Amino acid sequence: MDPEIQFKEIPREKKIRRKKHYMMRLGAILLCIAAVIAFLLSPVFDISRVEVTGNSYYSDEEVVNMSGVQKGVNLFLHPQKRQIKAALETNPYFSKIKVHRRLPSTLRIDVTERKQVAAVKYGNSYVVISGSGLVLRTTKIDPKLTILTGLTLSRIRVGRKITAVEKQTLEKTLEMVNVMDRGDLYFKKIKMSDRYIDAYIYDTLIVRGTPSQMKEEIEKGNLQKVVNKLYKNGTRRGTISLGDHNYISFSPAF
């Protein structure tokens, strides 16, 4: 036999053998991938539980309904996280949304809610706003929040910041309301004017001063001390006046 012919046949046999091994390995890999996909799409990973965290105003069920999540749908075939976030972000109460898959069958939705801190009377309705002045909702039912009066509103739109002619007064008052909320103090109503605001603790007990003065005295705890002292003495009528340099006076009403 010609040595040259033998030399050509040997690599040809190796090439065929390598091709067979390659096809076998490729088939095994594809089989494994198919098995993994079949397992991931099995009922084991159907959503049986939806967890909601961070919500306060809305219930868990309400958040789930707004998100569009459905139980019984495969965890990996369910609409993408982006779609769930987009559905919830249409509601101004939610500032941040995160969606997590927890194997084998739980979907978790973490939300950060904007807190409603005050309401503005607008005709027969109330405009509920956040600490930054964002309009969260409108309602005809008293929301049991601090009511802001004396504003000339120019535009009301849910999901947008409230706008008023008294823009600076509104901004400063909201800063004070945010501090009030953290300082364990509550005003039923705040009546605004160009020079100062009247903050009603009771219908007959008023704190009068500028928003900046009230904010400072609440942050220092001075206003709370005066209110607590009046409360212990049974005083429910009069005006607490705030001045410069931490000056606080009280004028009783009879």
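The values are calculated or read from the model by the stated rules, or taken from the named source; none is laboratory data. What you see is a predicted model; the values in this text were computed from it and never measured. Quick reminder, even Gly has a Cβ in these numbers, built from the backbone with ideal geometry, and neighbours come from all protein chains shown. Protein only, heavy atoms only, side chains kept; ligands, DNA and RNA dropped before computing areas. Shrake-Rupley method; radii C 1.70, N 1.55, O 1.52, S 1.80 Å.
Taking the empirical scaling 2.2 N^0.38 Å for compact globular proteins as reference, the chain has a Cα radius of gyration ratio of 1.82.
Rounded to the nearest percent, how much of the accessible area of the chain (1.4 Å probe, protein heavy atoms only) is carbon and sulfur?
53
When the Cα positions of LEU107, SER130, ALA119 are compared along the charge dipole of region 87-136, LEU107 comes out farthest toward the positive end, with charges on each C-beta of Lys, Arg, Asp and Glu.
Evaluated at q = 0.14, 0.18, 0.19, 0.23 Å⁻¹, a Debye calculation over the C-alpha positions of region 72-181 (equal weights, vacuum) places log10 I(q)/I(0) at -0.64, -0.86, -0.92, -1.21. Take the Cα of ASP244, step 7 Å toward its Cβ, do the same at LEU77, and the gap between the two points is 7.3 nm.
Does region 204-243 come out rounded, prolate or oblate by the C-alpha gyration tensor, with a ≥ b ≥ c the root eigenvalues, rounded set by a/c under 1.5 and, if not, prolate when a/b is larger than b/c and oblate if not? Here region 204-243 falls in the oblate category.
Helix 3-40 and the long axis of the chain differ in direction by around 30°, with both axes built from C-alpha atoms. Once both labels are positioned 7 Å from their Cα atoms along Cα-to-Cβ, the gap between ARG195 and ARG237 label points is 2.5 nm.
Suppose we keep just the DSSP beta bridges with both residues in the chain; what percent of those would be antiparallel, to 5? Just about 70 percent of them are antiparallel. Note on region 123-185: percent of Cα-Cα distances in each 10 Å bin, starting at 0 and stopping at the bin with the largest distance, equals 20, 57, 22, 0.
The residues of the chain have, on average, 64 Å² of accessible surface per residue, using a 1.4 Å probe with all protein chains present. Rounded to the nearest 20 debye, the dipole size of region 199-254 about its Cα centre is 260 debye, using +1 on the Cβ of Lys and Arg and -1 on the Cβ of Asp and Glu.
Quote to one decimal, in nm, the extra length available between LEU153 and LYS96 on full extension: 0.36 nm per residue of separation minus the C-alpha distance between them.
In short, 17.7 nm is gained.
About its Cα centre, the dipole of the chain is roughly 640 debye, where the only charges are +1 on Lys and Arg Cβ and -1 on Asp and Glu Cβ. Compared with the dominant Cα axis of the chain, that is its longest principal axis, helix 167-182 is turned about 80°. From Cα pairs below 8 angstrom and at least 6 apart in sequence, can you work out the relative contact order of the chain, rounded to a whole percent? Computed value for the chain: 10 percent relative contact order.
The 3J(HN,Hα) values that the Karplus relation (6.51, -1.76, 1.60; θ = phi - 60°) gives for region 151-161 are, in residue order, 9, 9, 6, 10, 7, 10, 8, 4, x, 10, 6 Hz. Gly and Pro appear as x. Note on PHE254/LYS229: beta-carbon distance plugged into 1/(1 + (r/R0)^6) with R0 of 22 Å gives a FRET efficiency of 0.75. Taking only Cα atoms, what is the 0 to 90° angle, nearest 10, from helix 222-232's long axis to the longest principal axis of the chain? Here the helix axis deviates by roughly 60 degrees. Between the C-alpha center of region 238-254 and that of region 136-207 there is a gap of 21 Å. Available extension along the chain between ASP184 and GLU62 is 41.0 nm, counting 0.36 nm per residue and deducting the alpha carbon span.
In region 118-254, with Lys and Arg counted as +1 and Asp and Glu as -1 at Cβ, which of these residues, ILE162, GLY209, GLY234, has the Cα nearest the positive end of the dipole, that is, farthest along it? Positive-most Cα among the choices belongs to ILE162. Annotation: ARG108 carries an accessible surface of approximately 60 Å², with a 1.4 Å probe and no ligand, DNA or RNA atoms counted. The label-point distance for ARG49 and SER125, in a model that sets each label 7 Å from Cα toward Cβ, rounds to 4.1 nm. For ARG236, no residue 5 or more places off, or on another chain, has a built amide H under 5 Å of its own.
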